[in-house]
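Working notes, beginning with the structure itself.
No lab work stands behind these numbers, since they all come straight from the coordinates. As the structure is a computational prediction, the values presented were derived from the model and not from experiment. Here Cβ is always computed from backbone atoms with ideal geometry, including for glycine, and neighbour counts include all displayed protein chains.
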Amino acid sequence: MFSNLVLRNSRRNRKENGLFFASLVISIVAFYIILSISRQDVMIFLQKMESDAVNRLMAMIPIFYGMTLVILFFLIYFASKFQLERRRHEFGVCLMLGMRRGKLFGMLMAEDFHNSILALAVGLPVAVLLSELISLVTAKAVGMGIVGHKFTLSIPAVFWTMAGFLAIKLAAFLILSGKISRQEVGGLLADTPEGAKKQRPSAVYALSAAAGVGLLAAAYSMAIRGTSWQQIGMMALTLLMGLTGTLLLFYGMGAVVSLLLKREKSRQKLHTFNFRQIQESVIHQSASMAISSLLILAALCCFGAGVAIARTNNQSDAHVLDYTFEDHSSEPPEQFLSRLQNLLEQKGVRDQFSELFEMKIGRIRIADDHKNAFRMEPLMKALESLPESENRDMLINRFSVSDNPYLLCLSDYNKLLELAGKPALQLGADEAAVYMGSDFVNEAQAEILSRIFSEKPEVQIDGSTFFLTGELQTADIVTDRSITILFALIVPDEVFDYYTRQQYSVYVNAVLSEDAIGGDSLMNAISRVNTLLDGAALEDSWIEYESYLQNIGRQLFYMVAASYITIYLAIIFLVIANTVMGVQFLMGQQKTSRRYKTLVRLGASYETLCKSARKQISWYFSLPVAVAAVSSLFGVKALFAGLLASRTEGNDAEMLIISAAMILLLCVVEYIYMTAVKRSSDRYLLTKMVPEREE
């Protein structure tokens, strides 16, 4: 009998609180995915090359896990409190019929444990399947292939997911169940009072809203201009202004609702009642609505920044080089290529490469004062004459510190262009092309420089005049992205030899042969050739090599880390924000149940009440979401300005497109949550349709 009662109550609770149960399942899925990240194919692959970075990321996972447990504890406590408050009358009847308080406490704990086990039974299989799907998609997207993928079940992730989830559920329900079971029967049977509803003059709310908008504008202005990223104190001030501005805006939003009530003339049933309810909710629940809006904003920024960072690390030039070899001997640099070819022949690995060619990099060595041997006043004047913009200022700053540029050999760079399928550079004896590493320039800046170079500005190299020509060159000259060049001149071979005086560094670039790839994925092929090179004991010789695998490994690490962590946080923030809003509205609806009873006595139909409540829910959700959506347009841009590489700086249109996509996704999520809350509201209103006499 007792077990049947527990099962029946558990089933009813899940049906009446489907939103809360779904939130718990989503939290379980997020827990497992973040805890099982070390078993992902990409992470196992990255462990071989970026072990230190991966280990640091793994060390951060418990921090995110613990932080999420604390946040979800308060969410579960808050939602469970509403769940139990709705059943106060039921508990009072049970005690009147003779149920002992200890048995009531045991019934509540058994119901909660049953629902928790069911949530784990649903969430864990979904989490495992979703984790495997993410692993497969990620491996395919980054070129690892999925042939070698094996199904993995992270037992530690399962254990810690279950332990953490059950621990916070148990802690929350021990507190709440104890409070309920200790209350007197009369207190349980009595209706929950609405509480004091003191309102202030409309001018107070109007001033509060205006002050909130002003603080938000100042905060986002500081963040977008980059002022917030200069010092920790400025960042703290920006966050404080944003938080205070949001709280003031929602506190004063009651004035906006009041203005809508006065101006909007509608013949819809219960129009005035709806807006009075909305106004009261906004005024007396402004703090929770503001926090929910901030959580949604954080979710949007996490989504936007994560997508942008992943996209940024995929924006590098097309892959051309597979290996770069570096000479650590004291032999003349011009002999490096021939000596490397002989060594590879001896080790039996020469046939793994279809191309081996030099990339010579040097400095101006002919002048006594090397740092003052180069002058480019016409180029600087051309930049300064352009209209003021962020891109122009960045180029001026970068060229102002580039008074001693590198020199690149034309024939070597043309070989790189040939392999990339691009036309070769044609330079006269007194011409030079400009090279900048792709990390130091974005597309807009490259277009500015290419327009200036079309006019062939003059530069001076040790007193000789050269003309800059052609488009800006940004192709990666080696595979190792740690070797980056801010500014270099590509000059004819004779000019390079003359000004470097044989004092230059030589890197030998290599491309894998078709036989080495053998129809496999590029990453697997490079991993196999790495094993051959290591087996040939090249690491013990005077040669050091860097493969595209290490290069892409760094990009993959940042992409995967950013994607996993930001999406995880975004999901948690969205779940918490929407569950809080849904539960808060339903609690407010329960506290104002007398008003709905009065409407029923006055003849209001069930359909009219449901339509009224649904309109209130739409407004209640739309206000925080709208503020978060508008703020995200500035917040994501501020994150881009402070966190992303220079290649995305100035791409405002692209940033707004990413933000718009995230807002569209948010609209879908919010629609799902609003639908769930509306259905729960409909079920609650159905219980109020029987008129009651109050003697």
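So here's what we get for this one:
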read-out	value
Ranked packing of 394-403, 569-578, most packed first, by mean Cβ within 10 Å	569-578, 394-403
Potential extension, Gln335-Ser605 segment - 0.36 nm per residue separation minus Cα distance	87.9 nm
Computed FRET value (nearest 0.05) for Glu388 with Leu243, which takes r as the C-beta separation and R₀ as 56 Å	0.95
Integer Hz, Karplus 6.51/-1.76/1.60 couplings in order for segment 666-674, x for Gly and Pro	4, 4, 5, 4, 5, 4, 5, 5, 4
Per-residue HN-Hα couplings for segment 598-615 [Karplus 6.51, -1.76, 1.60; θ = phi - 60°; Hz; x = Gly/Pro]	4, 4, 5, 5, 7, x, 5, 7, 4, 5, 5, 5, 5, 5, 5, 5, 5, 5
Within-13-Å neighbourhood charge of Leu379 [Cβ basis; K, R +1; D, E -1]	+1
Length gained when the stretch Glu418-Lys591 is fully extended (0.36 nm per residue, less Cα-Cα span)	54.8 nm
Relative packing of peptides 289-295, 604-610 - highest average C-beta neighbours within 10 Å first	289-295, 604-610
Viscosity 1.002 mPa s, 20 °C: Kirkwood-radius Stokes-Einstein D of segment 366-483 over Cα pairs, µm²/s	140 µm²/s
In Hz, Karplus ³J(HN,Hα) per residue of segment 413-420 (6.51, -1.76, 1.60; θ = phi - 60°; x = Gly, Pro)	5, 5, 5, 5, 5, 4, 5, 7
Flagged links, alpha-carbon separation over 28 Å, of Lys169/Lys591; Lys169/Lys597; Lys81/Lys597	Lys169/Lys597
Highest to lowest packing among 323-330, 240-247, scored as the average C-beta count within 10 Å	240-247, 323-330
Difference of contour (0.36 nm per residue) and Cα-Cα distance, Asp439 to Ala211	78.0 nm
